[in-house]
1. Residues in region 70-80: is at least one closer than 30 Å to ILE230 by Cβ, surrounded by 16 or more Cβ atoms within 10 Å (Cβ to Cβ), touching a helix residue (DSSP H, G or I) at 6+ places or on another chain (Cβ under 7 Å) and in contact (Cβ under 8 Å) with a residue 40 or more places away in the chain?
2. Quick one: SER62 ticks every box in (1) assigned to a loop (DSSP other than H, G, I, E, B); (2) within 16 Å of the ligand (Cβ to nearest atom); (3) surrounded by 15 or more Cβ atoms within 10 Å (Cβ to Cβ) except a single one, so which number is it?
3. Inspect all residues belonging to region 44-52 and state whether any of them is modelled with pLDDT of 80 or more, at negative phi and away from the ligand (no atom under 16 Å from the Cβ).
4. Being charged (D, E, K, R), modelled with pLDDT of 75 or more and assigned to a loop (DSSP other than H, G, I, E, B) is the filter; apply it to region 25-43 and report the residue that is nearest to CYS70 (Cα to Cα).
5. Could you count how many residues in region 71-107 are within 16 Å of the ligand (Cβ to nearest atom) and either on the phi > 0 side of the Ramachandran plot or modelled with pLDDT of 90 or more (or both)?
6. All but one of (1) surrounded by 16 or more Cβ atoms within 10 Å (Cβ to Cβ); (2) not in a helix (DSSP H, G or I) hold for THR151; state the number of the condition that does not hold.
7. Please go through region 96-122 and give me each residue that is within 16 Å of LEU233 (Cβ to Cβ), among the polar types (S, T, N, Q) and either assigned to a helix (DSSP H, G or I) or under 15 Å from the mean Cα position of the chain (by Cα) (or both), ordered by number.
8. List, please: which pairs have Cβ atoms under 9 Å, are six or more places apart or on different chains, and start with a residue in region 42-55 that is in the same structural domain as CYS73 (by TED's automatic domain parsing) and within 10 Å of CYS73 (Cα to Cα) and end with one that is more than 7 Å from the ligand (Cβ to nearest atom) and of a type in the set (S, T, N, Q)?
Amino acid sequence: MILNCIFALIIGVLLGNFASTVLFRLPRKIPIHGYNPKLGKVPHCSTCGHTLKFYEYLPVLSWVSTRGRCNYCGVKINPEYTILEVFVSILAFILYFFTSGFSEEYILLLFSGAGLILSCFLIDKAKTDADKTLFMVGILGSIFRTLNEATIFGWLTSFLFAYFIYAFITSKLDGKKVAEYYSLRFILLSGVWLNIPYLLAYLLILLPLTAIKTISQYKKNTFLIALLYIFILIMEFDYYQKVICFLT
Ligand SMILES: [Zn+2]
C-alpha cells in the first residue's frame with residue numbers, strides 16, 4: 001500500500017516534469033526530445049542558455065540543488081513549471097485512491113488530467129499548442145468512454161450533438177470572435193467526454209460564461225477546464241457504481 005502510494009507519486013513527478021518540459025519547449029518551437037544534441041536540445045537554462053547537469057533539471061533533485069534560481073546566472077526560474085509539476089504529482093496521488101489502484105481508468109484519467117492542466121498554462125502563450133494538447137485529451141476521452149460503455153456509439157452521439165451546437169454558434173459569429181472566445185472549443189471536447197445529461201449541464205454553464213465579457217479569458221478557461229474534469233470524475237464514479245451493482 002505504502003509502496004503503491006510512493007509509486008503513484010513517482011509517476012506524478014515524472015509526468016509533471018514531462019508536462020513542464022512540453023510547456024517550456026512547445027511555444028518556443030524547440031523539439032521535446034533532448035538526448036540527441038544534433039536533433040534536439042539538451043536541458044538548458046532559459047535565460048543564459050547554460051547546459052544543465054542532471055541534478056539541475058530532474059524533478060525534486062532540481063528543487064534541492066537550485067532552490068528556484070539558475071545556478072549559473074542566478075535568474076529566478078518561472079514558478080509556473082514548479083506549479084505544473086506539483087499539480088500533476090498531487091493528481092497522480094489522489095487518482096490512485098479515486099480509481100482504487102493502477103487501472104486503465106487511472107492511466108486515462110491521469111494523462112487527460114495532466115493534459116488539461118498543461119493546456120490551462122498553454123492557452124495564453126500558444127493557442128495552436130493548446131489545441132494539440134486538447135485534441136490529445138479528446139482522443140483519450142473516446143478511449144475512456146469506449147472502455148466503460150463497451151460501445152463507440154455513446155461518445156459518437158454526444159460528440160455529434162456537441163458538434164452541431166458548436167457549428168451553429170460559430171456560424172453566427174465572425175472568425176475573429178471565434179478565436180477570441182477560446183472556451184467555445186471546450187464544447188467539442190466535452191462532447192467526447194460527457195454523456196448527454198452531463199454535457200447539457202456543462203453547456204448550460206459554459207455558454208453564458210463564455211458570453212460574459214467582464215471576466216478575463218484566463219479565468220474563464222481555467223474554470224471551465226477544472227469543471228470539465230470534475231464532471232469527468234463524477235462520470236467515472238457513476239461507471240464504478242454500475243460495476244458494483246452488476247457484481248452484487
Ligand atoms: Zn541561467
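The values are calculated or read from the model by the stated rules, or taken from the named source; none is laboratory data. The structure displayed is predicted, hence computed values, not measured ones. Reconstructed Cβ throughout: ideal geometry from the backbone, glycine too, with neighbour counts over all protein chains shown.
1. No, because not a single residue in region 70-80 is closer than 30 Å to ILE230 by Cβ, surrounded by 16 or more Cβ atoms within 10 Å (Cβ to Cβ), touching a helix residue (DSSP H, G or I) at 6+ places or on another chain (Cβ under 7 Å) and in contact (Cβ under 8 Å) with a residue 40 or more places away in the chain.
2. (1)
3. The answer is no, given that none of the residues of region 44-52 is modelled with pLDDT of 80 or more, at negative phi and away from the ligand (no atom under 16 Å from the Cβ).
4. Top of the filtered list is ARG28.
5. 1
6. (1)
7. SER112
8. CYS45/THR51; CYS45/ASN71; HIS50/ASN71
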